[in-house]
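Have a look at the structure below, then the notes.
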Amino acid sequence: MLWRHGDVLIATIDAIPEGGVRLHDPVLAHGEVTGHTHRVADPHAAELWLVQGVLYLKILEATRIIHEEHAAIPLEPGTYRVWQQREYVPERRRGTRGVSFRTVSD
């Protein structure tokens, strides 16, 4: 399953890879423009993990992902990978390959 919550994508996975660091902030993504956040409604219902720069979410009991500008997404207990959408930015500088990406922010 795959969910889109604004500029955040969430997909079910089998397990979180080993070697990660548990984060204690329930925020999946920060909005640079508005200051709004994509976050877990009940921080006690979830664990957020960072493994080699990739964000993973373990839902322990049913909860929702919330944001001030988007409808809430209900998530059942399970394991998920989280991506923040990126957009292509063409570069016109000499000596570059002409490929760059930047994170999309609300």
Whole-Å distance, taken between Cα centres, linking the stretch 58-85 and the stretch 4-28: 9
Sequence ranges 48-55, 15-22, ranked by mean other-Cβ count within 10 angstrom, highest first: 48-55, 15-22
Distance between modelled label sites at residue 11 and residue 61, nm, 7 Å Cα→Cβ extension: 3.0
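Write down the Kirkwood hydrodynamic radius of the stretch 6-65, to one decimal in angstroms, obtained as one divided by the mean of 1/r over all alpha carbon pairs. Please report the intermediate quantities before stating the final value.
Details: mean 1/r = 0.0814 Å⁻¹.
Taking every pair of different Cα atoms in the stretch 6-65, averaging 1/r and inverting gives 12.3 Å.
Report the extension gain between residue 50 and residue 72 in nm, rounded to one decimal, defined as 0.36 nm multiplied by the number of residues separating them, less their alpha carbon distance. Please report the intermediate quantities before stating the final value.
On the way: separation 22, 0.36 × 22 = 7.92 nm, distance 2.30 nm.
Extra length available between residue 50 and residue 72 comes to 5.6 nm.
Readers should treat all values here as calculations from the given coordinates under stated rules, not as data from a laboratory. Values in this document were obtained by computation on a predicted structure and should not be read as measured data. Here Cβ is always computed from backbone atoms with ideal geometry, including for glycine, and neighbour counts include all displayed protein chains.
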